[in-house]
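Read the figures in this text as sums done on the coordinates, not as results from a lab. None of the values given here were measured: they were computed from a predicted structure. Virtual Cβ from ideal backbone geometry, glycine too; neighbours counted across all protein chains shown.
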Amino acid sequence: MKKKVKIAFLDRDGVINSSKINGGYIGKIKNFKWLKGSKTAIKYLRSLNYKIIIVTNQSGIARGYFSLKDLYKINRHITDELKKIGTKVDKIYFCPYHKDGIIKKYKKNSSLRKPKIGMFLKASKLWNIDKKKSFMIGDQQTDMEFARRAKIKGYLFLQNNLFKFVKNKIKLH
């Protein structure tokens, strides 16, 4: 049996990225703004032996606001910036689909779209997730519903400093 792993699932927009430009559909690096304390929070969680997984709905792809290639550029930007401070995320899962999309191949309902738990199930194929010690931090009710359905703790983040938030909440684990 694989060793149990504790995972911090983090939403991207509103938790790691603070930008609300373009209605929150962030498809360009210049529009991605690190939320205060987010890099430090990721480094801190890794120091406590958490795997870090970003789980993010990116319906801007289905809606034609930006491309998959644009999203990959932002993901690379995130990993490059974290590497500069000696840390990383273990995985970035995203859902490019939306039932109201205009790009045909992304216009559909998907089990990857939060609050459904397709991204959690992908992670559970890689790791034996310790559900008692794992959690989700998100800024939307869909994130809390994702946590509930995955049977992990959910923390609604509506503040402006992720590190301070994590320092307060992590005592519970």
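If you build a Gaussian network model of the chain, linking Cα atoms that sit under 10 Å apart, which residue out of ILE21, ILE53, ILE92 swings the most?
Looking only at ILE21, ILE53, ILE92, the largest GNM fluctuation is found for ILE21.
How large is the dipole of region 95-153 about the Cα centre if only Lys and Arg carry +1 and Asp and Glu carry -1, each at its Cβ, rounded to the nearest 20 debye? Mind showing how you got there, number by number?
Details: 17 positive and 5 negative charges, 59 e Å.
Using only the charged Cβ atoms, the result is roughly 280 debye.
Expressed as cubic angstrom per residue, what is the convex hull volume of the alpha carbon set of region 4-104?
97 Å³
Which of LYS36/LYS169; LYS73/LYS114; LYS33/LYS151; LYS33/LYS88; LYS133/LYS167 have a Cα-Cα distance over 19 Å?
Listed pairs above 19 Å: LYS73/LYS114; LYS33/LYS151.
Hey, in the GNM for the chain with a 10 angstrom Cα cutoff, which one of LYS88, LYS133, LYS28 fluctuates hardest?
Its mean-square fluctuation being the largest, the pick is LYS28.
For the residues ASP13, ASP100, what sequence is obtained by ranking on other C-beta atoms within 10 Å, fewest first?
So the residues, fewest neighbours to most, are ASP100, ASP13.
How large is the dipole of region 27-114 about the Cα centre if only Lys and Arg carry +1 and Asp and Glu carry -1, each at its Cβ, rounded to the nearest 20 debye?
Roughly 100 debye, rounded to the nearest 20.
Relative contact order (percent) for region 3-70, with alpha-carbon contacts under 8 angstrom and 6 or more residues of separation? Let's see the in-between values first.
Details: 74 pairs, mean separation 28.7, N = 68.
The value is 42 percent.
Relative contact order (percent) for the chain, with alpha-carbon contacts under 8 angstrom and 6 or more residues of separation?
28 percent
Explain nothing, just the number: dipole magnitude of the chain about its Cα centre with +1 on each Lys and Arg Cβ and -1 on each Asp and Glu Cβ, in debye rounded to the nearest 20.
540 debye
I need to check one value: relative contact order of region 88-164, counting alpha carbon pairs closer than 8 Å and at least 6 residues apart, in percent.
21 percent
Using just the C-alpha positions of the chain as equal point scatterers, what log10 of I(q)/I(0) does the Debye formula give at each q in 0.13, 0.14, 0.16, 0.20 1/Å?
Debye output, listed in q order: -0.60, -0.70, -0.93, -1.47.
Taking the Cα centroid of region 50-122 and of region 143-173, what is the distance between the two, rounded to the nearest whole Å?
Each part reduced to its Cα centre gives a spacing of 19 Å.
Taking the chain as a Gaussian network, where each spring joins two C-alpha atoms under 10 Å apart, which residue of ASN75, ASN22, ASN31 fluctuates the most?
ASN22
What percent antiparallel are the DSSP beta bridges of the chain, to the nearest 5? Walk me through the numbers before you get to the answer.
Numbers: 1 of 20 bridges.
If I count the DSSP bridges inside the chain, around 5 percent turn out antiparallel.
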